[in-house]
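Engineer: The structure's right below; bear with me while I get my questions together.
The values are calculated or read from the model by the stated rules, or taken from the named source; none is laboratory data. These numbers were taken from a predicted model, which means no experiment stands behind them. Here the Cβ is made from the backbone with ideal geometry for all residues, glycine too, and neighbour counts use every protein chain on show.
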Amino acid sequence: MEPRIYTYKVTFEEVPHWYWGVHKEKKFGEEYFGSPVTHRWMWEFYTPHLQILEFFPFDAEGWTEAKLIEHKIILRDLNNPVCLNEGCGNLMSLESLKKGGRTAGKKFHQEKDENGKSVRGREIALLAHLAKDENGRSITAVKGGTSSAREKDENGKSVNLCKAGKATHLEKDEAGVSVHFKNTIGAIHDERNENGRSFHAMRTLHQKYMCLKTGKILSPGPLTIWQRHRGIDTSQRVKVDNKNNPNE
């Protein structure tokens, strides 16, 4: 039988801790219990058990997919006190960052692109959002957004998203407008056609999506507002061809 690629979870008989990982076998069925660094002593002191979570094709694409899944699992669990993973690719847990100080973070993002953004940070973001759903949306972003928005306040709004939004827009200009918002909008609409119109805005306006609950067809933004006003999950949509759009 040929070797396998799989994601796994290591647990221990004596303690409630666990460890996530991905493994590419050199030979089928080889004994493997992870490759920890920071907490290696626990593998020697306690009794580890391996639980295989998911198998992947034994090729380059299978390995990439397995690493993406591992990245996602660890990222959600990175600061859990009973999770033994101290890193996720080039990302570190809060505990590890405290021990290492701010130097490691500065070094990690030292290389910048022409826009002053971290080259390593962009590489990780691209890797995390490589897998797409049938609508061309990042599977990681969609699932992460659903998970983040699970806890609601008394008005039915996501607690996590409200906190994140307030922190992101904390810095204001003299008119009281979010500096982050202005910078983001400016960057999105930098590229323009001969008439001075934003390429991004034109592309977005020409995209049409249909609500799977009601059949309503609108551009992405208006459809989001329309669905929210009716209490419809905004993921309940599918991209449609403009030629078949009865609202045009």
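Engineer: Hey, among HIS206, HIS180, which residue is at pLDDT below 75 and surrounded by 13 or more Cβ atoms within 10 Å (Cβ to Cβ)? Talk me through it step by step, then tell me what you get.
Structural biologist: Numbers: HIS206 fails: surrounded by 13 or more Cβ atoms within 10 Å (Cβ to Cβ).
Just one listed residue meets the conditions, HIS180.
Engineer: Would it be correct to say that GLU44 is without any contact (Cβ under 8 Å) to a residue 12 or more places away in the chain and either assigned by TED's automatic domain parsing to the domain that holds ILE73 or surrounded by 10 or more Cβ atoms within 10 Å (Cβ to Cβ) (or both)? Before the answer, list the steps.
Structural biologist: Numbers: without any contact (Cβ under 8 Å) to a residue 12 or more places away in the chain: yes; either assigned by TED's automatic domain parsing to the domain that holds ILE73 or surrounded by 10 or more Cβ atoms within 10 Å (Cβ to Cβ) (or both): yes.
Judged against the criteria, GLU44 is a match.
Engineer: Continuing with this model, one more query. Does HIS23 satisfy the criteria of being over 29 Å from ILE139 (Cα atoms) and either within 21 Å of the chain's Cα centre (by Cα) or not in a loop (DSSP other than H, G, I, E, B) (or both)?
Structural biologist: Values: over 29 Å from ILE139 (Cα atoms): no; either within 21 Å of the chain's Cα centre (by Cα) or not in a loop (DSSP other than H, G, I, E, B) (or both): yes.
The answer is no for HIS23.
Engineer: Kindly indicate whether PHE28 is out of contact with any strand residue (DSSP E or B) (no Cβ under 7 Å at 6 or more places or on another chain) and modelled with pLDDT of 90 or more.
Structural biologist: Details: out of contact with any strand residue (DSSP E or B) (no Cβ under 7 Å at 6 or more places or on another chain): yes; modelled with pLDDT of 90 or more: yes.
Considered against the rule, which asks whether it is out of contact with any strand residue (DSSP E or B) (no Cβ under 7 Å at 6 or more places or on another chain) and modelled with pLDDT of 90 or more, PHE28 comes out as yes.
Engineer: Right, something else. How many residues are exposed (fewer than 14 other Cβ atoms within 10 Å of the Cβ) and in contact with an Asp or Glu (Cβ under 8 Å, 6 or more places away or on another chain) when one looks only at region 16-32?
Structural biologist: Of the residues in region 16-32, the ones exposed (fewer than 14 other Cβ atoms within 10 Å of the Cβ) are 16, 26-31.
Subset that is in contact with an Asp or Glu (Cβ under 8 Å, 6 or more places away or on another chain): 28.
Number satisfying all stated conditions: 1.
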